[in-house]
1. Return the aspartates and glutamates within reach of Lys55: Cα separation strictly under 17 angstrom, same-chain partners fewer than 8 residues apart disregarded; answer none if there are no such residues.
2. If the chain between Ala136 and Lys111 were fully stretched, how many nm would it gain, using 0.36 nm times the residue separation less the Cα-Cα distance?
3. Share of the stretch 3-121's accessible area from carbon and sulfur, percent, 1.4 Å?
4. Ratio to report: Rg/Rh of the chain, with Cα atoms as the point set and Rh obtained by the Kirkwood method; give two decimals.
5. To make sure I understand the rule: partners must be aspartates and glutamates, Cα under 18 Å from the Cα of Lys161, and not fewer than 8 residues away in the same chain. Which ones qualify?
6. Please list, or write none, the lysines whose alpha carbon is within less than 19 Å of the alpha carbon of Lys111, excluding same-chain residues fewer than 8 places away.
7. Find the accessible area per residue for the chain; the probe is 1.4 Å, ligands and nucleic acids are left out, and the unit is Å².
8. Using r as the Cβ-Cβ distance of Met1 and Ile61, and R0 as 22 Å, what FRET efficiency do you calculate, to the nearest 0.05?
Amino acid sequence: MRKAIYPGSFDPVTFGHQDIIERSAALFDELIVGVLNNSAKNSLFSVGERVSMLKELTKVIPNVTVDSFDGLLVDYMKESGATIIVRGLRAVTDFEYELQMAQTNHVEYPKAETIFLTTNMKYSYLSSSVVREFAAFGGDISKFVPSQFIDRIYAKYDIKK
Ligand code: ADP
């Protein structure tokens with residue numbers, strides 16, 4: 001059985017993430033969307049909020065579960081039984097870091113293989129930080145994130161639309 005994990009911050013989840021989730025769910029028997037609980041990073045949404053948004057988004061996909069994890073991805077993989085790491089590649093700028101992480105994870109846990117999905121061209125410019133920057137100034141984020149999350153994102157900046 002092929003069990004994969006798609007790890008990330010998802011702060012907040014975007015159409016780019018949703019696209020990677022849908023495409024990788026079709027490739028593997030089970031997919032865990034793993035929300036990294038990184039206490040060193042100041043996040044807009046709490047881990048609990050990010051997990052529940054992702055659960056809402058993926059409830060229609062039967063082989064997807066959402067969880068959060070602390071610490072090393074490879075430790076969480078050993079615990080959960082996932083052996084495949086899914087990452088999205090947007091541009092060459094993503095590549096250097098991703099290559100290093102994939103190789104490091106493989107050294108730390110030889111069963112771990114990283115699979116890269118190239119971004120859907122529609123979303124290659126899109127990142128959570130772009131969403132946060134636009135939302136902070138009341139910009140239109142409807143092309144970036146699923147509609148049910150828009151109000152929640154603006155609310156973080158005390159913006160009512
Ligand atoms: P990070 O891991 O840097 O916190 P994210 O949580 O935003 O970044 O992203 C998690 C994963 O989703 C990464 O593999 C990233 O490359 C990928 N990703 C983010 N945005 C997109 C996008 N627009 N298209 C495809 N993949 C994306």
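1. Filter leaves Asp11, Asp19, Glu22, Glu30, Asp67.
2. On the way: separation 25, 0.36 × 25 = 9.00 nm, distance 4.14 nm.
Gain on extension, Ala136 to Lys111, equals 4.9 nm.
3. Details: 3330 of 6180 Å².
Of the solvent-accessible surface of the stretch 3-121, carbon and sulfur hold 54 percent.
4. Values: Rg = 15.5 Å, Rh = 16.2 Å.
Rg/Rh: 0.96.
5. Partners found: Glu133, Asp140, Asp151.
6. Lys111 reaches Lys3, Lys78.
7. Details: 9000 Å² over 161 residues.
For the chain, the solvent-accessible area averages 56 Å² per residue.
8. That gives a FRET efficiency of 0.85.
The values are calculated or read from the model by the stated rules, or taken from the named source; none is laboratory data. For clarity, every value in this text was computed on a predicted model and none was experimentally measured. Here Cβ is always computed from backbone atoms with ideal geometry, including for glycine, and neighbour counts include all displayed protein chains. Areas reflect the complete protein model, heavy atoms only, side chains present, ligands, DNA and RNA absent. Shrake-Rupley method; radii C 1.70, N 1.55, O 1.52, S 1.80 Å.
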